[in-house]
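Before any comments, here is the structure.
The values are calculated or read from the model by the stated rules, or taken from the named source; none is laboratory data. All values reported here derive from a predicted model rather than from experimental measurement. Virtual Cβ from ideal backbone geometry, glycine too; neighbours counted across all protein chains shown.
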């Protein structure tokens, strides 16, 4: 039995069948779908291209590196232990040396004990201050925008500067003591030339080898240079070389030392790629 | 983005080998057991170690060709770091900033304020607590606002408040930058991590979203309170966590089926997921 409500619905459907057929769109055929996909292929290909990651630039927060800036940062480092040690050593030397005969031979070497001790102090200071013993701190100090070897170079340069400065002050003190003792044997020029020549050539050799062969070879070369200098000094005593001849030798050592130091600076700037040096 | 290609590095008894991987911006969490290669991977990514083979590209630039440039964009907090104890905090951070080429005192002041280090500016580092020293270590890494920030176990030595602060800070910092954290305590990074990088015995096992990492496990996590006698029956390898209550034991364990009526299934945390994956690997031999 039909319900009146059902009849009403059936009648409504019959009436609307015509208008609805005109409004409804037929489903797309497989061919039409394929055509649509083919026409959109270009867009799909665009999407598939991997977006290029933006190029990395030098950190805008960071100033371009310079030797002056890195030296400034290294000066902040607490060098108290080196200052104290060097101060104590030089005080001892000033007290030890006889002001009346300041250039007397020590252990058969001309020039006394002063030029003998100064390079040794530099080697030890370089060893202790080149880098921190803590691996973590060493890692953090390595991660700078500077060429890795430049940080090491400036640190060693600073240590050399401290030792040279202390030695100059001690020379001044020695000179004053000599004047007080009314000794005419103390000659500032030859004395400074003597210790500074061997000091710079030892430090220069150490740095030169450090940036080429590493820390062990650096130490070996510094000790070798120092040993050779002792041998040469012995020869000078044996053959009775004149003061001018000795000064010429010391001047040559000083120039060689300076050349080695400057060459090490150039080398430290070029060590960009070989980052193992800074980590080994 | 950092891209790793054919990366190899011998580290002690194992060899880290990653054929291909891409690390995206956001907070990336490196997970793995002790000795899995997490620290080696971080040291390679920070350019502290050079790979034996393969390459690392930072936004398309090779580390070997652009070392100062890349290092200008890297900040690093090692797991163990002994800061210069005799230096005062302010002086140490100024020294570190200048070493990184940052000559802007405001950068230091801002970070000292953010990390509540202002009261310690004139204190010697060696006189400060481990947590404060750890905060200083984090600040030195942030001085140049680096695009790539690497932290190896950064929460070590920090109290609960410091840990929460650092995680929140890093979550914000990672927006538009890359932060990579190696951690043991995974649950603390649950809400923060955008990506999980799982290393196992020198191999990259997974890199992707934490959610997917959790979905990849075949086992489930169950939690319940049981008697001590029942606790002793549970195989050790299934235990994730247990805690003594008054007379019973609160146990969290893994298993495919419900271990007993006292147990309820729980959504796995990152730490659970790590256990589940490690357990699955162990079963496979």
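Residues in segment B:63-73 that are touching a strand residue (DSSP E or B) at 6+ places or on another chain (Cβ under 9 Å) and either part of a helix (DSSP H, G or I) or within 26 Å of residue B:120 (Cα to Cα) (or both) were compared, and the one that is modelled with the lowest pLDDT is B:69.
When we screen B:75, B:85 for residues that are surrounded by fewer than 21 Cβ atoms within 10 Å (Cβ to Cβ) and under 21 Å from residue B:157 (Cα atoms), the only hit is B:85. Being buried (at least 22 other Cβ atoms within 10 Å of the Cβ) and either touching a strand residue (DSSP E or B) at 6+ places or on another chain (Cβ under 9 Å) or under 25 Å from residue B:98 (Cβ atoms) (or both) is a description that applies to residue A:144.
Residue count for segment B:256-276 under the criterion of being closer than 27 Å to residue B:29 by Cβ and either buried (at least 17 other Cβ atoms within 10 Å of the Cβ) or under 24 Å from the mean Cα position of the chain (by Cα) (or both): the result is 10. For segment B:11-20, the criterion of being assigned to a strand (DSSP E or B) and under 16 Å from the mean Cα position of the chain (by Cα) is satisfied by no residue at all. Kindly establish whether residue B:52 is surrounded by fewer than 23 Cβ atoms within 10 Å (Cβ to Cβ) and at the interface with chain A (Cβ under 8 Å from one of its Cβ atoms). The answer is no for residue B:52.
Looking across segment A:176-191, the residues that are buried (at least 18 other Cβ atoms within 10 Å of the Cβ) and either touching a strand residue (DSSP E or B) at 6+ places or on another chain (Cβ under 7 Å) or in a helix (DSSP H, G or I) (or both) come down to A:177, A:178, A:191. The set of residues in segment B:115-138 being surrounded by 15 or more Cβ atoms within 10 Å (Cβ to Cβ) and out of contact with any strand residue (DSSP E or B) (no Cβ under 7 Å at 6 or more places or on another chain) consists of B:115, B:117, B:120, B:125, B:128, B:131, B:132, B:133, B:134, B:135, B:136. Looking only at segment B:184-204, decide whether some residue is over 29 Å from residue B:11 (Cα atoms), assigned to a loop (DSSP other than H, G, I, E, B) and either touching a helix residue (DSSP H, G or I) at 6+ places or on another chain (Cβ under 6 Å) or modelled with pLDDT under 90 (or both). There is at least one residue in segment B:184-204 that is over 29 Å from residue B:11 (Cα atoms), assigned to a loop (DSSP other than H, G, I, E, B) and either touching a helix residue (DSSP H, G or I) at 6+ places or on another chain (Cβ under 6 Å) or modelled with pLDDT under 90 (or both). Helices (runs of 4 or more DSSP H) fully within segment B:74-166 that include at least 2 residues being without any contact (Cβ under 8 Å) to a residue 40 or more places away in the chain, at the interface with another protein chain (Cβ under 10 Å from one of its Cβ atoms) and touching a helix residue (DSSP H, G or I) at 6+ places or on another chain (Cβ under 8 Å): B:89-99.
Here is a yes/no grid of residues against (1) facing chain B (nearest Cβ under 9 Å); (2) modelled with pLDDT under 75; (3) part of a helix (DSSP H, G or I); (4) under 37 Å from the mean Cα position of the chain (by Cα):
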{"position": "A:50", "(1), (2), (3), (4)": "no, yes, no, no"}
{"position": "A:64", "(1), (2), (3), (4)": "yes, yes, no, yes"}
{"position": "A:73", "(1), (2), (3), (4)": "yes, no, yes, yes"}
{"position": "A:82", "(1), (2), (3), (4)": "no, no, yes, yes"}
{"position": "A:85", "(1), (2), (3), (4)": "no, no, yes, yes"}
{"position": "A:90", "(1), (2), (3), (4)": "no, no, yes, yes"}
{"position": "A:98", "(1), (2), (3), (4)": "no, no, no, no"}
{"position": "A:104", "(1), (2), (3), (4)": "no, yes, no, no"}
{"position": "A:111", "(1), (2), (3), (4)": "no, yes, no, yes"}
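Residue count for segment B:13-49, restricted to those that are touching a helix residue (DSSP H, G or I) at 6+ places or on another chain (Cβ under 9 Å) and within 12 Å of chain A (Cβ to nearest Cβ): 6.
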